[in-house]
1. Comparing Ile155, Ile40, Ile218, which has the greatest mean-square fluctuation in the GNM of the chain with Cα pairs linked when under 10 Å apart?
2. Using θ = phi - 60° and the Karplus curve 6.51 cos²θ - 1.76 cosθ + 1.60, what whole-Hz ³J(HN,Hα) does each residue of region 87-93 get, with Gly and Pro shown as x?
3. What relative contact order, as a whole-number percentage, does region 225-362 give when Cα pairs under 8 Å and 6 or more residues apart are counted?
4. Bin by bin, in steps of 10 Å, what percent of the Cα pairs in region 217-314 do you find, going until the bin that has the longest distance?
5. Using the Karplus equation 6.51 cos²θ - 1.76 cosθ + 1.60 (θ = phi - 60°), what ³J(HN,Hα) coupling, rounded to whole Hz, does each residue of region 334-344 give in order, writing x for Gly and Pro?
6. Between Ser187 and Asp239, what is the label-point separation in nm under the 7 Å Cα-to-beta-carbon projection?
7. Order by neighbour count: Asp341, Asp121, Asp103, fewest other Cβ atoms within 10 Å first, most last.
8. Mind sorting Glu33, Glu106, Glu156, Glu254 by how few other Cβ atoms lie within 10 Å of their own Cβ, fewest first?
Amino acid sequence: MPATATRREAARAKKAPRPKLNIGAANPFALAEVRLGRRINWRRVADTERVLEQALGVPYDQLFDPRSNSPIFAGKEVKEDGVSVRSDPPVSVEGTAWVDPGDFFEETAEYHDPVQGAVGDCYLIAALSSVAWSRPYVIAQRTRATGPSAFVDMIEFHDGAKTIRVEVTETVQLNTPGNTYIFCRSSEAGEIWPAIYEKAYAKWKTGHTGDTPNVNLIAGGDPVAACRQLTGLTPSYFDCQAMTADQIYQKVRENSLSRKTFNPMVAWTYCSPPAGIKYSDAHLAGCHAYSILGWHYDGGKKYIVLRNPWGYYEASISVAPGNWLAFDGSFWRTIALAANDGAFALEAATFKKYFDGFGLVK
């Protein structure tokens, strides 16, 4: 092939648009709570698999596989006869009430605050966690109260070079009776900033003009784009298949200081997994977004430190034991890798196998 033709092919490939990411696995633990109508302390459940199977009606080994008919992948955009439509959402919005359940902040924005609910917007919740971890001041600086009496918050998002300002009250949609959470919540009791961010995002993305947007309609999306929408920073995408495990590890290190990412980073698993990958065996979920918190080196092994936005359900293979230390601005933060709070360190080679891609904004 002539050199000029080769250059033309390369130019066309470079200009080819990225495939639209439609990452979205709902939190099965939150979904089970909604269907059972009560809050569950999952750390005290003796047989978690059985409870999930009974509540969600799917065999446990199929629950985390996007090739199965699992309810955690419901509600996203799908193609029917060439037309984009939404599949039925996993939860009903009937029997609910809009309630103000707490204070915007209890302390400040922290990586472990956002806990995803029963809708497949893991791409947004993982991005929220990554931004709160790498650049917590963004959450504080781009949110402010408006209105002389009612609790109304103005939250900034970014659409390219355009800044979008969305106003919402501090009421969120809860299940009745009992006023239990359906959608995103904070891991800290009485704190509501993650839920308010999700509500404002849903209002913006659905074009809702009132104060009660349908959060079900934001299932499925792009976690890197969500980081950009939260920060206004420039996105970069990386294909795990095109990189070695060491290159992935080094890319995370390039964007970290004292083991902690200083640029918000996210990763996502396959929606169409290659042969031989069974996510339930690894305690991972397919078509799901995770936050990248940093890197770890222990016993001669290289690890990527991740957080599941479910705030629970950590990988069970090729993971580091013990604690991870990262310098968090003014102090060394200790994160217990076996605490089952969503944070874990996964060997870089295993990350490469199970994850489709990752990205960052800076």
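Only the coordinates and a few stated rules stand behind these numbers; no lab work does. All values reported here derive from a predicted model rather than from experimental measurement. For neighbour counting, all protein chains shown are included, and Cβ atoms are generated from backbone atoms with ideal geometry for every residue, glycine included.
1. Ile40
2. 6, 4, x, x, 10, 8, 9
3. Answer for region 225-362 is 34 percent.
4. It works out to 13, 43, 37, 6, 0, in whole percents.
5. 9, 10, 6, 6, 10, 7, 6, 10, x, 8, 7
6. Here the answer is 3.4 nm between the modelled labels.
7. Details: Asp341 19, Asp121 35, Asp103 14.
Ascending Cβ contact count within 10 Å gives the list Asp103, Asp341, Asp121.
8. Fewest-to-most Cβ neighbours within 10 Å comes out as Glu254, Glu106, Glu156, Glu33.
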